[in-house]
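Structure first, then comments.
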Amino acid sequence: MTDTPDPTDSRAPLRLVDVQAAVDAELDRIAPVIDELGALFAAAGHELALVGGPVRDAMLGRASNDLDFTTSARPEQTDRILKGWGDAWWDMGREFGTIGCRKGDWVVEVTTYRSESYDPASRKPEVQYGDSLAGDLGRRDFSVNAMAVRLPGREIEDPYGGVVDLAHRVIRTPGTPEQSFSDDPLRMMRAARFAAQLGFSVDPAVVAAMTAMADRITIISAERVRDELVKLVCAPHPRLGLELLVGTGLADRVLPELPALKLERDEHHRHKDVYEHTLTVLEQAIDLEPRLAARAGLPEGPDFVSRFAALMHDVGKPRTRRFQDDGVVTFHHHDVVGAKLTRKRMKALKFSNDQIDAVGDLVELHLRFHGYGSGEWTDSAVRRYVRDAGAQLERLHVLTRADCTTRNKRKADRLRRTYDDLEARIDRLSAEEELASIRPDLDGNQIMAILGIGPGREVGEAYKFLLELRLDNGPMSEEDATAALEEWWAGR
């Protein structure tokens, strides 16, 4: 690949000569796929073009083995061609004219020329096949995604000025934004998502249409909204997209807890701007993500759970804000309230139960560290911290550290050192006691044998007693645990 300017660097436009060099290099890299498929479709009497994101990313100097094509062929014709070329095939998108295929490391999807739009009261797009590449490009969301490379000749098609918009780092629609958003209201969220992914600005006309038409997002299914939100939050620059959602009013419809953080500051300015604090915490959590790969064995790259927990960690503050007589502002129990609000919102957006539990637990636990003081916690309290965090312990470390946004360097350094101490204690106890799998020193079978009872509620009560004893005292010998169990049983 040739060196091209960083697309997230907004200090200067891309040079068109660099754009051309980047796309030429990428087309040469993917030649084994595009040349072969182009020849196959042409031999069958059909048009084929590389389209959309792969073309945009090629111009930005980004390599990918996932390629999208558009064609004049109908799905059944595409299916026959791909089955003669690839290693595996799928047609889950046949309803929308899309056939997928994998060959080696390459993944391709080929979609028949089409046009689609929404009935004003419908959540599902109405799909109709088109008959030209120009018509297909005209229905696409943004000009930077409405470019194509005809195959096998490699002629670039750019009827809506996508190359110029790409060079100037701007998100603009091929036609009027009002028509584009009427056709598919989800495109309003995509504008925010692409701003976050590419670091681009959004054309003022697009912003105005998003603001005027924000209510239209309510006809889109929760699942589609959720998927766009996840992509936005996991983008390199989520603040850009989130600020756009808030500024246009879209967030009021899809994530109202976020704009609600724009609390009016009290007259004495004695509490932080919670909205700005939240975005800063999100950015700091992103900076700490490499820890998750290094310590928790999670994949490198964006971690939605930790990012969304950072975004939602203070959503309980608007409902818990109180002004004391001396002007001090409090947010007592905003962690518990925030966890409930987070779970409710994620449930409405159709997130999985695992994701809801993970994010909800992190929001509820994000203040727990502040009871640590200067290290006064007992080993018992440290064990409970680990037990309550469970599988989210490393993400809790990230969230807690990211939540420090004070400009007071001395205070920030003190908090960092204190949390370093807590983590060191956790590591020490973990090495000594296997905290990650903490459980009583006697199992259920041993409990029943010692007490002479069968399965039932009493076994559970005994197990809970021994677990609390384990958390308080650390590991015990079987003899000591048995004596404690018998004493507890006798005194019931």
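The values are calculated or read from the model by the stated rules, or taken from the named source; none is laboratory data. These numbers were taken from a predicted model, which means no experiment stands behind them. Please note: Cβ atoms are built from the backbone with ideal geometry, for glycine as well, and neighbour counts cover all protein chains shown. Heads up: the accessible areas ignore ligands, DNA and RNA and are worked out on the full protein's heavy atoms, side chains in. Shrake-Rupley method; radii C 1.70, N 1.55, O 1.52, S 1.80 Å.
HN-Hα J couplings of region 417-428 from phi, Karplus 6.51/-1.76/1.60, θ = phi - 60°, integer Hz, Gly and Pro as x?
5, 5, 6, 4, 5, 4, 5, 5, 5, 4, 4, 5
Taking the 0 to 90 degree range and rounding to the nearest ten, how far is the long axis of helix 353-365 tilted relative to the main principal axis of the chain, both from C-alpha atoms?
Helix 353-365 sits at roughly 50 degrees to that axis.
Please list, or write none, the aspartates and glutamates whose alpha carbon is within less than 17 Å of the alpha carbon of K409, excluding same-chain residues fewer than 8 places away.
K409 reaches D420.
Could you rank the peptides 193-204, 91-102 by their average count of other C-beta atoms within 10 Å per residue, with the highest value first? Don't skip to the end; give the middle numbers.
On the way: 193-204: 21.2, 91-102: 16.9.
Per-residue Cβ counts within 10 Å, averaged per peptide and sorted highest first, yield 193-204, 91-102.
Return one number: the angle in degrees, 0 to 90 and rounded to the nearest 10, between the long axis of the Cα atoms of helix 222-233 and the longest principal axis of the Cα atoms of the chain.
Between helix and principal axis, roughly 80 degrees.
How would region 272-423 be classified by its alpha-carbon gyration tensor: rounded, prolate or oblate, with rounded meaning a/c under 1.5 and the a/b versus b/c comparison settling the rest? List each step's numbers first, then the result.
Values: a/c = 1.40, a/b = 1.06, b/c = 1.31.
Rounded is the answer for region 272-423, as its axis ratio a/c remains below 1.5.
Would you mind checking region 356-383 for residues with the amide N under 20 Å from a putative spin-label position 7 Å along Cα→C-beta of L263?
363-371, by backbone N distance to the label point.
I'd like the Kirkwood hydrodynamic radius of region 373-461, using the inverse of the mean 1/r over distinct C-alpha pairs, in Å.
On the way: mean 1/r = 0.0640 Å⁻¹.
For region 373-461, inverting the mean 1/r across all distinct Cα pairs yields 15.6 Å.
What relative contact order, as a whole-number percentage, does the chain give when Cα pairs under 8 Å and 6 or more residues apart are counted? Mind dumping the intermediate values first?
On the way: 755 pairs, mean separation 41.8, N = 492.
Relative CO of the chain lands at 8 percent.
Run the numbers for R80 and S374: contour at 0.36 nm per residue of separation, minus the present Cα-Cα distance, in nm. Present the calculation step by step, with values, prior to reporting the outcome.
Values: separation 294, 0.36 × 294 = 105.84 nm, distance 6.91 nm.
That works out to 98.9 nm of additional length.
When the Kirkwood hydrodynamic radius is evaluated over all pairs of different C-alpha atoms of region 276-321, what value in angstrom, to one decimal, is obtained?
11.4
Starting from the Cα gyration tensor of region 121-222, multiply each eigenvalue by 5, take the square root, and state the resulting semi-axes largest first in whole Å. Each step should come with its number before you reach the end.
Numbers: eigenvalues 111, 68, 22 Å².
Whole-Å semi-axes of the equivalent ellipsoid: 24, 18, 11.
What shape does region 167-206 have by the C-alpha gyration tensor, where a ≥ b ≥ c are the square roots of the eigenvalues, rounded means a/c under 1.5, and otherwise prolate means a/b greater than b/c and oblate the rest? Spell out each step's value before the answer.
On the way: a/c = 2.64, a/b = 1.47, b/c = 1.80.
Oblate, since a/c reaches 1.5 and b/c is not below a/b.
Rank by packing, highest mean first: peptides 32-38, 406-412, with packing defined as the count of other Cβ atoms within 10 Å averaged across residues.
Details: 32-38: 18.7, 406-412: 9.6.
Put in order of decreasing packing, that is 32-38, 406-412.
Obtain the nm distance between the two label points defined at L467 and R492 by a simple spin-label model: each point lies 7 Å from its Cα along the Cα-to-C-beta direction.
The two pseudo-label positions are separated by 1.7 nm.
Expressed as a fraction of 2.2 N^0.38 Å, the rule-of-thumb size for a compact globular protein of N residues, what is the C-alpha radius of gyration of the chain? Mind dumping the intermediate values first?
Details: Rg = 28.0 Å, N = 492, 2.2 N^0.38 = 23.2 Å.
Relative to the 2.2 N^0.38 Å estimate, the chain comes out at 1.21.
Rounded to the nearest percent, how much of the accessible area of the chain (1.4 Å probe, protein heavy atoms only) is carbon and sulfur? Show your work: numbers first, answer last.
Details: 11170 of 22970 Å².
For the chain, the apolar C and S fraction of the accessible surface comes to 49 percent.
Taking 0.36 nm per residue of separation and subtracting the Cα-Cα distance, what length does fully extending A293 through D131 add? The partial results should precede the final answer.
Values: separation 162, 0.36 × 162 = 58.32 nm, distance 4.77 nm.
Answer, rounded to one decimal: 53.6 nm.
How far, in nm, would the chain grow between A412 and D273 when pulled straight, counting 0.36 nm per residue and subtracting the alpha carbon separation? Before the final figure, lay out each step's value.
Numbers: separation 139, 0.36 × 139 = 50.04 nm, distance 1.80 nm.
Once the chain is fully extended between A412 and D273, it gains 48.2 nm.
Put one equal scatterer on each alpha carbon of region 417-492, apply the Debye formula with no solvent term, and list log10 I(q)/I(0) at q = 0.11, 0.20, 0.23, 0.24 1/Å to two decimals.
-0.34, -0.82, -1.00, -1.07
Per residue, how many Å² of accessible area does the chain show with a 1.4 Å probe?
Working: 22970 Å² over 492 residues.
That works out to 47 Å² for each residue.
If DNA, RNA and ligands are ignored and the probe is 1.4 Å, what is the ranking of F69, F465 by accessible area, most exposed first?
Details: F69 5, F465 55 Å².
Of F69, F465, the descending order of accessible area is F465, F69.
Sequence-distant or interchain residues sharing an amide H contact under 5 Å with K103, placed H: which?
D87, V108
Calculate, axis by axis, the spread of Cα positions in region 14-75 along the three principal axes, and write the results as whole Å, longest axis first.
Its Cα atoms span 38, 19, 18 Å along the three principal axes.
Under 14 Å from a point 7 Å along the Cα-to-Cβ line of H168: which residues of region 185-221 have their amide N that close?
What the label zone holds, given the 14 Å backbone N cut-off, is 201-206.
Round to the nearest 0.05 the FRET efficiency obtained for R439 and D326 when R0 = 30 Å and r is the Cβ-Cβ distance.
Details: r = 47 Å, r/R0 = 1.58.
So, using R0 = 30 Å, E works out to roughly 0.05.
Charges on Cβ only, +1 for Lys and Arg, -1 for Asp and Glu, centred on the Cα centroid of the chain; of T400, H277, W489, which one is farthest towards the dipole's positive end?
Farthest towards the positive end: H277.
Considering only I81, V246, T70, whose Cα is most displaced toward the positive end of the charge dipole of the chain, charges sitting on Cβ of Lys, Arg (+1) and Asp, Glu (-1)?
Selected residue: V246.
If we count every other residue with Cβ under 11 angstrom of D227's Cβ, Lys/Arg +1 and Asp/Glu -1, where does the sum land? Spell out each step's value before the answer.
Working: positive: R190, R193, R224, R226, K231, K350; negative: E223, E228.
Neighbourhood net charge equals +4.
If you take the square roots of the eigenvalues of the alpha-carbon gyration tensor of region 350-408 and sort them as a ≥ b ≥ c, do you get rounded (a/c under 1.5), prolate (a/b over b/c) or oblate?
On the way: a/c = 3.01, a/b = 1.35, b/c = 2.22.
Oblate, since a/c reaches 1.5 and b/c is not below a/b.
Which value in deg cm²/dmol, rounded to the nearest 500, describes the helix-derived mean residue ellipticity at 222 nm for the chain, given -39,500 (n - 2.57) per DSSP H run of n ≥ 4 and division by the residue count?
So the calculated ellipticity at 222 nm is -16000 deg cm²/dmol.
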